[in-house]
Amino acid sequence: MTADAVAWILLLAVAAYACGGGVDYGAGFWDLFAGGAERGERPRRLIDHAMAPVWETNNVWLVFVLILMWTGFPVLFEAVFSAMWLPLALAAVGLVLRGAGFALRKPTRRLARRRIYGAAFAVCSLLTPFFLGAAAGGVASGRAAPGVTASAEVWANATSVVAGLLAIAATAFLGAVFLTADARRFGERDLVIYFRLRAWCSLVAVGVLALIGLSVTRKHTTYVYHGLTHGFGLLLVLLSIAAAAATALLIGTHAPGWARYTSVASVALVIAAWGIAQRPYLVPTSLTVQQAAGATKPLQWLMLVTAIALVLVGPALVLLYRLDTHGMLEAQTDADVERGAAQGQR
Amino acid sequence: MMGRWGDVFGLGFGIEAWAFFLEAVFIAVYLYGWRRLKPWTHFWLGVPLPLAALMGAFGIIGANAWMNTPQGFTLDAAGRPVNVSVQQAVFTPMFGPQYWHFVVAMYLTAGYVVAGIYAVGWLRGRRDRYHKLGFCVPFTIAAVLTPLQFFLGDDIARQIFHKQPVKFAAAEIVWDTGTHVPEYLFGRLQPDGTVKGGLKISDLNSILAGFSRDTQVTGLTSVPAADRPTTAEATLAHWTFDIMAMIGSALILLALWYGWCWLRRRDLPRSRWFFRCAALAGAASVVTVECGWITTEVGRQPWIVYRNMRVSDAVTPTSAAALWTMFGIVVVVYVLVFGAFMGVVLRMSRRWQRADLGLVRPAADGPETDTPYGPRPELPAARAADAPSPQGPDASAPGSMR
């Protein structure tokens with residue numbers, strides 16, 4: 001019972017990371033494909049501007065996911081991290097490099113160096129979600145079962161590759177939707193059109209990849225496939241498609257801000273559908289929630305910790321996003337400080 | 001390791017996760033809020049940061065202290081932990097001493113590192129109010145914490161003596177259990193139990209551990225060779241322990257020097273040597289922190305969970321070559337990132353130096369050249385304040401405080 005509840009919380013945290021982190025990776029994706037220094041200057045500036053205050057927070061969900069895994073389901077953690085340590089380690093390296101690249105690009109002036117840091121940031125924004133998606137594919141296809149030793153087959157199979165690509169496409173979609181809204185917020189008309197087009201394209205890519213994925217991986221993921229095409233799982237998938245369609249419509253209107261909610265809903269609903277389709281397994285047909293669950297008392301405490309986290313972190317997150325969307329958060333620059341000093345002197 | 005023990009001691013990390021969240025949120029508000037938020041709103045939104053840091057340390061140190069003195073579970077017939085008690089697993093015997101020692105070490109290190117940067121500026125002739133504040137505020141905090149840390153360090157050593165006697169034996173290279181144990185400063189432990197080199201002080205170890213020459217100190221040979229650190233590991237733990245204690249003592253002298261001048265003249269010491277030492281203190285305290293971690297981690301060998309799980313049992317079947325490769329990649333990545341970071345910071349500093357010298361800030365030489373956290377003002381008045389006369393106008397206060 002407690003284990004089930006914690007499993008739901010884990011699923012929620014995964015969904016939150018897919019959305020929060022996804023927007024962030026997506027911004028990196030569009031940074032990579034923004035073109036040369038001249039052509040890509042304005043989109044990059046928007047990406048930088050929109051991402052800077054919130055990117056760190058968006059990635060903390062991953063920490064929460066890890067903690068829920070090892071405290072709540074130690075067996076799952078051991079299985080997943082033993083079988084797929086390589087993609088997960090590479091994802092971690094990617095996380096470090098992209099953070100460093102993003103942070104170091106800002107104060108660098110010479111174009112060549114900016115390119116290096118920008119490339120580190122943008123390339124890792126693709127690799128990290130790919131490896132995380134591949135790991136998710138390894139779980140969904142039941143390959144990361146307890147006791148399986150690490151091998152490329154666990155995470156470099158058809159399911160994993162499709163899941164990785166799907167992860168990249170989904171982050172690109174989320175990123176483009178949020179950047180459209182940001183462009184609108186900053187009053188950059190042409191960038192609204194620029195990112196809107198990209199949002200539509202990536203949505204199409206997500207759809208195509210999902211269809212290919214379902215057909216290619218069908219025989220490896222029978223359990224999850226069945227769950228996704230029947231009953232409650234199917235319902236969530238349909239709702240997700242509806243949300244994605246609503247996003248495509250909303251993003252074309254004068255209030256693309258609303259599209260952010262529907263795009264997040266569509267991604268979160270897919271994750272939820274995946275969770276529902278796997279029930280009662282954490283790793284399909286070899287490890288159930290009950291088998292993987294840790295001791296009862298820590299699980300109960302974990303729920304308490306989550307409740308306190310909601311109370312403490314929830315308002316803080318709301319505050320951050322509100323300040324951000326109200327334009328209260330902006331980096332200081334050389335020019336700013338000089339102006340400030342000049343005023344102080346008068 | 002996590003598969004077997006995750007549910008016993010993983011919860012501390014849960015607390016760390018909120019702390020991490022709160023930190024990420026409030027640091028973003030702090031860094032990006034200078035421009036638009038009202039000054040007091042901005043200040044109050046920064047207040048939760050130190051609290052979140054204390055909370056984060058709680059989780060991390062809770063987990064590490066549990067590895068040193070594990071409790072809060074019983075083992076069933078198959079050797080798996082059952083009857084988990086979360087309270088006991090979080091508040092383990094080593095938790096208190098480790099937590100305070102660590103938290104104070106962090107604030108102290110931060111203080112010396114920041115002050116060290118301004119000390120370098122001071123040595124280069126920047127004597128304005130901004131540099132004075134930049135030096136005095138962090139250095140005062142660190143100087144006050146240093147003697148406190150001396151007592152906390154002494155306390156944690158004695159707690160280790162009582163609760164992890166073998167680690168204490170390693171850190172002090174005590175071979176045989178006995179009384180009237182001498183203290184060695186450095187020296188190398190040989191496989192036969194003798195000590196080569198180093199300075200030997202009779203009876204001091206017993207006195208430090210229990211305030212009397214007759215205090216019995218447990219030696220490494222009290223446990224089988226397979227259950228204790230090797231002589232090389234013991235020597236390493238001993239050296240890092242001694243380096244930590246030495247630097248700590250040196251920092252106390254530095255803090256006393258500062259306090260003495262402040263009491264007598266209400267001003268900073270005049271000697272350039274003071275500022276040279278202060279500039280070094282930052283790097284020295286980082287070394288000290290690393291030494292402390294090496295002592296506690298190497299001194300626990302061969303255990304990852306003291307007396308419950310060996311490092312060799314926690315290792316996954318992953319091949320050694322793969323692990324070394326991955327480790328190599330991680331080291332290379334961090335060296336590159338750190339190098340790039342230092343390069344960027346140094347270039348920023350050079351750029352601002354040029355600006356301070358009155359050379360006009362180079363005009364925009366490409367897209368997006370405006371950098372964050374710009375230079376302090378390069379205005380005529382500020383340059384006047386750079387001259388030795390300390391009563392320059394406040395123009396050199398950070399621009400953000402307008």
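The values are calculated or read from the model by the stated rules, or taken from the named source; none is laboratory data. Everything numeric in this text was worked out from a predicted model, so none of it was measured. Every residue, glycine among them, receives a Cβ derived from its backbone with ideal geometry; neighbour counts consider all protein chains shown. Ligands, DNA and RNA are excluded from the accessible area calculation, which covers all protein heavy atoms including side chains. Shrake-Rupley method; radii C 1.70, N 1.55, O 1.52, S 1.80 Å.
Looking at the stretch A:130-235, the helices (runs of 4 or more DSSP H) lying wholly inside it that each contain 3 or more residues that are modelled with pLDDT of 85 or more sit at A:158-185, A:189-216.
Taking the conditions exactly as written (under 28 Å from residue B:332 (Cβ atoms), open to solvent by less than 10 Å² (accessible area, probe 1.4 Å), part of a helix (DSSP H, G or I) and more than 9 Å from chain B (Cβ to nearest Cβ)), does residue A:91 satisfy them or not? Yes: the conditions hold for residue A:91. Of all residues in the stretch A:17-37, exactly one satisfies the criterion of being open to solvent by less than 20 Å² (accessible area, probe 1.4 Å), over 21 Å from residue A:265 (Cβ atoms) and either aliphatic (A, V, I, L, M) or in contact with a Gly (Cβ under 6 Å, 6 or more places away or on another chain) (or both), namely A:34. The residue that is least open to solvent (accessible area, probe 1.4 Å), among those in the stretch B:280-324 that are assigned to a loop (DSSP other than H, G, I, E, B) and of a type in the set (Gly, Ala, Ser), is B:299. With respect to residue A:28, determine if the residue is part of a helix (DSSP H, G or I), more than 10 Å from every other protein chain (Cβ to nearest Cβ) and touching a Leu at 6+ places or on another chain (Cβ under 6 Å). No, not satisfied.
Those helices (runs of 4 or more DSSP H) of the stretch B:5-107 in which 2 or more residues are among the β-branched types (Val, Ile, Thr) occupy B:11-32, B:48-68, B:86-90. Applying the condition of being of a type outside the set (Gly, Ala, Ser) and within 29 Å of residue B:16 (Cβ to Cβ) to the stretch A:259-280 and asking which residue is farthest from the other protein chains (Cβ to nearest Cβ) yields A:274.
With respect to the conditions (1) part of a helix (DSSP H, G or I); (2) among the charged types (D, E, K, R); (3) open to solvent by 50 Å² or more (accessible area, probe 1.4 Å), residue B:167 falls short on a single one, namely (3).
With respect to the conditions (1) at pLDDT 80 or above; (2) closer than 30 Å to residue A:210 by Cα; (3) surrounded by 15 or more Cβ atoms within 10 Å (Cβ to Cβ), residue A:280 lacks only one, and its number is (3).
Being at pLDDT below 65, loosely packed, with under 12 Cβ neighbours inside 10 Å and more than 8 Å from chain A (Cβ to nearest Cβ): is that true of residue B:364 here? Yes, satisfied. Taken together, A:137, A:133, A:142, A:147 contain a single residue that is more than 13 Å from every other protein chain (Cβ to nearest Cβ) and either open to solvent by 30 Å² or more (accessible area, probe 1.4 Å) or over 19 Å from the mean Cα position of the chain (by Cα) (or both), which is A:142.
Open to solvent by less than 60 Å² (accessible area, probe 1.4 Å), away from every other protein chain (no Cβ under 14 Å) and over 27 Å from the mean Cα position of the chain (by Cα) - does that describe any residue in the stretch B:70-89? Looking for residues that are open to solvent by less than 60 Å² (accessible area, probe 1.4 Å), away from every other protein chain (no Cβ under 14 Å) and over 27 Å from the mean Cα position of the chain (by Cα), one finds at least one in the stretch B:70-89, hence yes. The set of residues in the stretch B:210-229 that are open to solvent by 60 Å² or more (accessible area, probe 1.4 Å) and in contact with a strand residue (DSSP E or B) (Cβ under 9 Å, 6 or more places away or on another chain) comprises B:216, B:226. Answer yes or no as to whether residue B:138 is under 30 Å from residue B:218 (Cβ atoms) and either open to solvent by 30 Å² or more (accessible area, probe 1.4 Å) or not β-branched (Val, Ile, Thr) (or both). In short, no.
Screening residue B:327 with (1) over 26 Å from the mean Cα position of the chain (by Cα); (2) open to solvent by 30 Å² or more (accessible area, probe 1.4 Å) gives one miss only, at (1). Within the stretch A:38-58, the residues that satisfy the criterion of being surrounded by 17 or more Cβ atoms within 10 Å (Cβ to Cβ) and of a type in the set (Lys, Arg) are A:42, A:44. Total residues in the stretch A:291-310 satisfying the condition of being under 20 Å from residue A:146 (Cβ atoms), open to solvent by 20 Å² or more (accessible area, probe 1.4 Å) and either at the interface with another protein chain (Cβ under 7 Å from one of its Cβ atoms) or free of Cβ contacts under 8 Å to residues at least 12 places away in the same chain (or both): the figure is 1.
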